[in-house]
Structure formats: structure tokens, C-alpha cells
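Student: Sharing a structure with you now.
The values are calculated or read from the model by the stated rules, or taken from the named source; none is laboratory data. These numbers come from a predicted model, not from an experiment. Note: ideal-geometry Cβ built from the backbone for every residue, glycine included; neighbour counts use all protein chains shown.
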Amino acid sequence: MSDVQASTTFSRPRWSPWWPFWALSAALLPAAVWSLLSGPMALSGSDVGQGLLNALTQAPSSGAADWVVRELRLPRVVLAMLVGAGLAVAGTLTQGVFRNPLADPGLIGVASGAALAAVAVIVLSSTWLAGWVSLTGPFALPLAAFAGGLGVTLVIYRLGTRHGQTQVALLLLAGVAVNVLAGAATGVLTYMANDQQLRDMTFWSMGSLAYGRWREILALLLFILLPLLISLRSARVLNALLMGERVAEHLGFDVQRARRWLLACAAMMVGAAVAVVGMIGFIGLVVPHLLRLLIGADHRYLLPASAVGGALLLLLADTLARTLLAPADLPVGLVMALIGGPVFLGLLLQQAGRWR
């Protein structure tokens with residue numbers, strides 16, 4: 001067994017494995033309050049409380065502060081928690097299926113497929129895709145990104161399946177190849193783009209929660225929350241997969257069916273998130289990996305802790321993005337890269353120290 005695979009085996013922590021979940025859950029509420037209070041327009045605690053009360057009771061707007069809470073900051077807080085939870089759980093599923101704690105949802109092609117479809121809509125909206133844009137209106141880009149992410153994932157899955165059995169090594173190689181092809185096609189479209197289209201592509205690729213509203217959140221409740229709840233019920237099969245496919249089969253699990261459903265859930269969550277907020281990296285890689293170091297690889301605890309941890313991390317990153325250079329609004333994808341890059345590098349250096 002390799003060192004990477006060995007790090008995914010079960011380890012019994014010295015403390016309760018639920019403590020990260022409860023600690024992160026306790027931190028989520030003050031982080032949400034801080035996010036609601038922070039921004040270019042100063043708000044008091046009473047303003048936030050009144051706005052939340054009016055939102056719950058569907059009362060008419062009572063002024064500018066109430067509108068800011070209900071229509072700008074509250075949807076952004078909910079969107080950050082929903083997207084962060086979905087990306088982190090998708091990363092946990094990917095690492096469990098591939099039995100590699102450094103695996104990323106990008107391996108199954110969701111991000112590259114969504115990026116290709118989004119860039120195609122931006123560049124070809126007035127030519128080849130004019131009919132699509134006129135048919136779907138303002139939803140042209142998110143729908144295309146969602147479909148593109150799922151489509152590329154399906155292609156990779158089919159390439160990695162032979163005689164009804166999915167081979168993990170072949171799936172990984174197919175993912176690398178298809179991701180390269182999707183990146184090349186995206187590069188060709190970028191070369192064809194004009195200045196305004198290049199600007200639109202740049203801002204979309206950086207990721208931002210600024211354009212999320214209640215209608216997007218309602219859509220994400222179906223495409224992120226439902227797969228997330230299904231994933232939370234998959235802890236037993238993920239734990240069995242860590243011991244090998246043959247062991248999982250002897251324990252009575254349909255490995256092929258389980259792998260297909262787990263990858264579909266991961267692809268749906270990442271595809272929906274990328275479609276609405278753009279490209280946001282490192283959450284699906286860093287959050288489950290850090291939590292695995294704390295509580296081990298038992299997915300009964302790892303999956304719910306990853307959901308809360310991802311929600312908290314993206315919420316904090318988005319709050320920083322809104323306040324660091326206020327009134328300017330930094331793309332949250334850049335903030336996540338600044339946070340996740342050094343953390344991931346530290347994890348790699350730590351892992352390299354273990355290999356010596």
C-alpha cells in the first residue's frame with residue numbers, strides 16, 4: 001500500500017470525532033452575523049435583526065438598510081454557505097472514490113467542462129449560440145455551464161468504464177486527457193474573443209458571489225442540497241471503498257453502482273456551484289484533507305464536518321473579499337486562492353517530510 005493510500009486508512013483519534021463538526025457549527029453563526037454587518041454601508045445589529053425579521057415575515061421593505069440586508073447580504077450569506085458546503089462535500093466524495101486524499105473534483109472534468117461551456121456562451125452568443133441565448137435569456141450562461149460540466153464528466157466516466165466496470169486508473173487518465181482538450185478548446189475561444197468578452201471571461205473565471213440572488217439559491221437547493229443529503233447517507237460505502245473494491249464487494253456493496261452515484265453527486269454539486277458563482281478553487285481539496293488529518297477517514301464524521309467547514313470557509317473568504325478593499329468587491333476566487341494556495345503547499349511539504 002502506498003503512503004498516499006495509507007493516509008486514507010482509519011485512525012482512531014484521541015478525542016471525540018464529532019468535535020470539529022460542533023466547533024465549526026458553533027463558529028458558523030457568528031461568521032454569518034459578521035458577514036451581514038460588514039460591507040460598504042455601515043449597519044447596526046438592530047438593522048440586521050429588523051431585516052432578518054422582515055425577511056422571515058415577508059413584511060414590506062422599511063428603508064435602505066432593510067433592503068441591503070434582505071436583497072444583498074442575506075442571499076450572499078446563504079449562497080456562500082450552500083456553495084461552500086457543496087464544494088467541500090464533492091471533494092470528500094472524490095477523495096473517497098479515488099482513495100487519494102489529494103484528489104480534487106477537477107479530476108472528473110466538471111470545472112473544465114463548465115468553463116468551456118461558459119466561455120462558448122460569452123464568445124459565441126451573437127453567432128452560433130444566438131438561438132440558445134434568445135431561448136434561455138439571462139440563464140444562458142449558468143445553464144450552459146451546468147450542462148457542460150455534467151457532459152464532460154459523463155464523457156470521462158464512459159471513457160474510464162470497460163465491460164461494465166469502472167477502472168480508477170483509467171478514469172484518472174481519461175480525466176487528464178479530456179481536461180487538457182477542454183482547456184485547449186477554451187483557449188481557442190479566448191483567442192477569438194474581443195476585449196469586452198475577454199473582460200467578461202476574466203471576471204467569471206475569478207469566481208464571485210456578488211450576482212447570486214434568491215432565484216439562484218432556489219435552483220441550488222435542488223442541485224446542491226439534494227445531492228449533499230444523498231452523500232451524507234453514503235458514509236458506509238465510502239468507508240468500505242477505502243479498504244479496496246474487493247473488500248467492499250464482499251461486504252455486500254454494489255461498487256460500480258455506488259461509484260457512479262457518488263461521482264454523479266459530486267459532479268452535480270460542483271457543476272451547479274460553478275454555473276452560478278464561477279470558478280472557486282481549493283475548497284474541495286483543502287477542507288476534507290485538513291479534517292481528515294484531525295478526525296481520520298471515517299466518512300460518518302468526515303462528510304458532515306466537511307459540509308460545515310466548507311460553508312464556513314467560503315463565508316469568511318467572501319466577507320474578506322467584500323471588506324478588504326471596500327467599496328471595491330474582490331472576486332472571492334482570488335481570496336480563496338490566496339488562502340488555499342499556501343495551506344495546500346504546507347500540506348504538501350508536510351507530506352513530503354513523511355515520505356523521507
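Student: One residue is enough: does the stretch 309-328 have a residue meeting the conditions of a type in the set (D, E, K, R), over 30 Å from Gly164 (Cα atoms) and under 18 Å from the mean Cα position of the chain (by Cα)?
Tutor: Our first condition is that a residue be of a type in the set (D, E, K, R); within the stretch 309-328, this holds for 318, 322.
When the remaining residues are screened for being over 30 Å from Gly164 (Cα atoms), the result is 318, 322.
Now narrow it down to the ones that are under 18 Å from the mean Cα position of the chain (by Cα): 318.
Looking for residues that are of a type in the set (D, E, K, R), over 30 Å from Gly164 (Cα atoms) and under 18 Å from the mean Cα position of the chain (by Cα), one finds at least one in the stretch 309-328, hence yes.
Student: Please verify whether Gly252 is among the small types (Gly, Ala, Ser), touching a helix residue (DSSP H, G or I) at 6+ places or on another chain (Cβ under 6 Å) and not in a helix (DSSP H, G or I), treating the condition exactly as stated.
Tutor: On the way: among the small types (Gly, Ala, Ser): yes; touching a helix residue (DSSP H, G or I) at 6+ places or on another chain (Cβ under 6 Å): no; not in a helix (DSSP H, G or I): yes.
Against the criterion (among the small types (Gly, Ala, Ser), touching a helix residue (DSSP H, G or I) at 6+ places or on another chain (Cβ under 6 Å) and not in a helix (DSSP H, G or I)), Gly252 does not qualify.
Student: Based on what the data block shows, is Leu135 part of a helix (DSSP H, G or I) and surrounded by 20 or more Cβ atoms within 10 Å (Cβ to Cβ)?
Tutor: Answer is no for this residue.
Student: Here's a follow-up. Would a scan of the stretch 18-35 turn up a residue that is over 25 Å from the mean Cα position of the chain (by Cα) and either modelled with pLDDT under 90 or among the hydroxyl-bearing types (Ser, Thr, Tyr) (or both)?
Tutor: Going through the stretch 18-35, the residues over 25 Å from the mean Cα position of the chain (by Cα) turn out to be none.
No.
Student: I'm checking my understanding of the structure. Among residues of the stretch 143-179 that are surrounded by fewer than 17 Cβ atoms within 10 Å (Cβ to Cβ) and polar (S, T, N, Q), which one is nearest to Leu107 (Cα to Cα)?
Tutor: Of everything passing the filter in the stretch 143-179, Gln167 is nearest to Leu107 (Cα to Cα).
For (1) touching a residue at least 12 places away in the same chain (Cβ under 8 Å); (2) within 30 Å of Ser126 (Cα to Cα), each residue gets a yes or a no:
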{"site": "Met201", "(1), (2)": "yes, yes"}
{"site": "Ser208", "(1), (2)": "yes, yes"}
{"site": "Trp214", "(1), (2)": "yes, yes"}
{"site": "Leu226", "(1), (2)": "no, no"}
{"site": "Leu229", "(1), (2)": "no, no"}
{"site": "Ala240", "(1), (2)": "yes, no"}
{"site": "Arg246", "(1), (2)": "no, no"}
{"site": "Leu251", "(1), (2)": "no, no"}
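Listed here are the residues, each with its yes/no results for (1) within 29 Å of Pro331 (Cβ to Cβ); (2) in a loop (DSSP other than H, G, I, E, B).
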residue	(1), (2)
Trp22	no, no
Ser25	yes, no
Ala42	yes, yes
Leu56	no, no
Arg76	yes, no
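Student: Mind listing just one residue for me: the one in the stretch 71-108 that is at pLDDT 90 or above and of a type in the set (D, E, K, R) and, of those, surrounded by the fewest Cβ atoms within 10 Å (Cβ to Cβ)?
Tutor: Residue satisfying both the conditions and the ranking: Arg73.
Student: Could you grab me the full set of residues in the stretch 307-338 that are within 15 Å of Ser38 (Cβ to Cβ), part of a loop (DSSP other than H, G, I, E, B) and touching a residue at least 24 places away in the same chain (Cβ under 8 Å)?
Tutor: The answer is Ala326, Pro327, Asp329.
Student: Looking at the stretch 248-278, which of the residues that are touching a Pro at 6+ places or on another chain (Cβ under 9 Å) and closer than 22 Å to Leu159 by Cα is surrounded by the most Cβ atoms within 10 Å (Cβ to Cβ)?
Tutor: Filtering first and then ranking leaves Val270.
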